[in-house]
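Novice: Let me begin by handing over the structure; questions about it come next.
None of the figures in this text is laboratory data; all of them are computed from the coordinates on show. Nothing here was measured: the structure is a model prediction, and the numbers come from that model. Because the Cβ atoms are built from the backbone with ideal geometry, glycine has one as well, and the counts that use them run over all protein chains shown.
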Amino acid sequence: MCAGLGQAALAGVTAFTMPRLLSAVPGDRWTWLGVLVLAAVCMGGVRVVEWILAEKLSQDYVHQIRLGLLGAALGEGRGPSVGITIARTTNDLTAVRNWIAWGIAPLASGIPLILGVLVVLASLHPALTLAVVGPVVVLACVFAALARVAYMRARTVRRARGRLASQVADTVAAGSAIRAGGGVHRELGRLRKLSGRVQKTAIQRARVAGYLRGTAVSTAALATLGVVIVGAGAGLTHALVATTITIVGVLATPIHDLGRIVEYRQSYLAARRILAPELARATPSRASSRGGADGGEVRGAAEVHVHDLAVGGVRLPGLVAAPGARVVLRSESPERVAAVLDLLAGTGSEARGWVRVAGRDLGSLRPAARRRHVGYAARGLALERGTVARAVRYRNPESDLPVDRELEAVGLAERVRALPEGERTTLRRGGEPLAPPERARLQLARALYARPPLVVLDHIEDELGAGGAELVQRLLADYPGVVVLATDAPERLLPGEIGWDVWDLATDPAAEATPGRVIAAGFARPTSARSPLSRGGVG
């Protein structure tokens, strides 16, 4: 707004100086010319400052939204695909950025500028104001008629881009399988079709944008022509007409901007329609934003209690496990097992219930505190970008415990030392340069780092490679905390000398009939296992 008022004031200086320059004697002419040049330079400087401030504002706003979108994608529950997430954090946020930098900012400065110039014109001659207001009113009517069409075209383009981004991400991820199946040509055909759709919709949107911008350019030209016609009809002096034309020229830029503003506004509305619900999902919960004495330190014995457990509205047996318990999760429903594992690991789940580990309610802990209580390793997980040492310490980044012991325990010490930068080697694209079995072992090292009281393993042995079952046996033989496993071969991971129990997620009819009572059964113990009273039980 200050930029617009400043430019309007400079236009007033021009209106005051121009007639004096045209009628000045040769000795004073250079003085008035210098004033006009200084006003023109200052007007350019104001535009420079306006542009920089607009970019700062838009980038700060987009930065906050980007973090919110990534928080929603990484939060609980199943997020959008990689392609959709990338499209939202690039294309959609570009639409938001354009609206702020080239929409809100020009409006904030353009409206005061236009009003200020109209006041200056009115002070010169009232008829000159009407010559400018008439074309601007027609421009507003055209914008109102095309705004809805521009919005629909913007939505069509973003949908086409989203489909293309999602298809590209999935195709690249499945590149090896596509090449092995001889499907490169077919997949390129699908991408060509989707890319053609983006091309077609973008051209359709450009037609509407062309009408918007073209009308704005014509309006500026008509305003200048109107001033000339009104000046000639009203018998104004040539000096006054020349002054008016110069002042109206100041309006050319904000009037041209109006065409872009409408286009950017509609693209922003189309993006906001999708971004707003995603940002609502990213709003921190009370538990995650709560301050207080939740420092995250693990206190008390490594006991695990799971009560009031339900999946899909069905009550299930809970768990009471003493330190050192080895619990195998079983159910006829893989979805039920996955939901309970997600609940324990805190990765977002359809299961409901409360989980207490080492005397702390996990649901009330902030993520920084929860991660110290639960270690998690599962097949099919990709490693985040970062160094090997960071990957091991990821659950406990503040820890200064060396990672050598964990890497040695999972058989990766020699492999990591052979990397170009050892522990400081950066992992990319899900874990490269490590092979898939080595990435699984690195996950296992992370899960056991700093000895969390609860470790959750989801079929991790399937990806450990040769000797994986023996590795898990060795790691769990003397682990002091509770270990909950989902596995198809528990006898290979937990032989009789270790001892293990089964947490059966079969529905208990009595539990459903009397939801408030404590479930009294649920473990099916192998004959070689120790008594559940020494290791754990069901609650």
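Novice: Under the rule of at least 5 residues apart or a separate chain, name every residue whose amide H is placed under 5 Å from the amide H of Val328.
Specialist: Hits under the 5 Å cutoff: Leu485, Asp501, Val502, Trp503.
Novice: Assuming 0.36 nm per residue, please report the length gained on full extension of the stretch Ala202 to Thr237 beyond their Cα-Cα distance.
Specialist: Between Ala202 and Thr237, full extension yields an extra 7.7 nm.
Novice: Taking neighbour counts of Cβ atoms within 10 Å as a proxy for exposure, in what order, fewest first, do Trp51, Trp102 appear?
Specialist: Ascending number of Cβ neighbours within 10 Å: Trp51, Trp102.
Novice: A further question follows. In nm, to one decimal, how far is the modelled label at Val37 from the one at Val217, with both set 7 Å along Cα→Cβ?
Specialist: With each label point 7 Å from Cα toward Cβ, the separation is 3.2 nm.
Novice: Provide the FRET efficiency to the nearest 0.05 for the Asp28-Cys141 pair, computing r from the beta carbons and using R0 = 45 Å.
Specialist: 0.45
Novice: Set the Förster distance to 56 Å, then compute FRET efficiency between Arg159 and Glu332 from the Cβ-Cβ distance, nearest 0.05.
Specialist: 0.85
Novice: Where Lys and Arg each count +1 and Asp and Glu each count -1, what net charge lies around Leu444 among other residues with Cβ under 15 Å from its Cβ? Intermediate results must be reported in sequence, preceding the final value.
Specialist: Details: positive: Arg379, Arg393, Arg395, Arg405, Arg415, Arg439, Arg441, Arg446, Arg451, Arg474; negative: Glu406, Glu408, Glu438, Asp458, Glu461, Asp462, Glu463, Glu470.
Here the charged neighbours net out to +2.
Novice: Grab the Cα-Cα distance for Ala127 and Glu350, subtract it from 0.36 nm times how many residues apart they are, and report the gain in nm with one decimal. Kindly include the intermediate steps, with their values, before the conclusion.
Specialist: Numbers: separation 223, 0.36 × 223 = 80.28 nm, distance 7.01 nm.
Contour length minus Cα-Cα distance gives 73.3 nm.
Novice: DSSP loop (so not H, G, I, E, B), at most 11 other Cβ within 10 Å: list which trypsin sites (Lys or Arg not before Pro) in segment 322-429 pass both filters. Working shown, then result.
Specialist: Working: sites: Arg326, Arg330, Arg336, Arg352, Arg356, Arg360, Arg370, Arg371, Arg372, Arg379, Arg385, Arg390, Arg393, Arg395, Arg405, Arg415, Arg417, Arg424, Arg428, Arg429; in loops: Arg371, Arg372, Arg379, Arg385, Arg393, Arg395, Arg429.
When the trypsin sites (Lys or Arg not before Pro) of segment 322-429 are filtered for loop state and at most 11 Cβ neighbours within 10 Å, Arg429 remain.
Novice: Estimate the FRET efficiency between Arg272 and Arg417 by the formula 1/(1 + (r/R0)^6), using the beta-carbon distance for r and 51 Å for R0, to the nearest 0.05.
Specialist: E between Arg272 and Arg417, to the nearest 0.05, is 0.50.
Novice: At 0.36 nm per residue, minus the direct Cα-Cα distance, what do Arg492 and Leu53 gain on full extension? Give it in nm, one decimal, please.
Specialist: Taking 0.36 nm per residue and subtracting the Cα distance, the gain is 151.6 nm.
Novice: Would you list Leu69, Leu319 from fewest to most Cβ contacts within 10 Å?
Specialist: Values: Leu69 22, Leu319 28.
Lowest to highest Cβ neighbour count: Leu69, Leu319.
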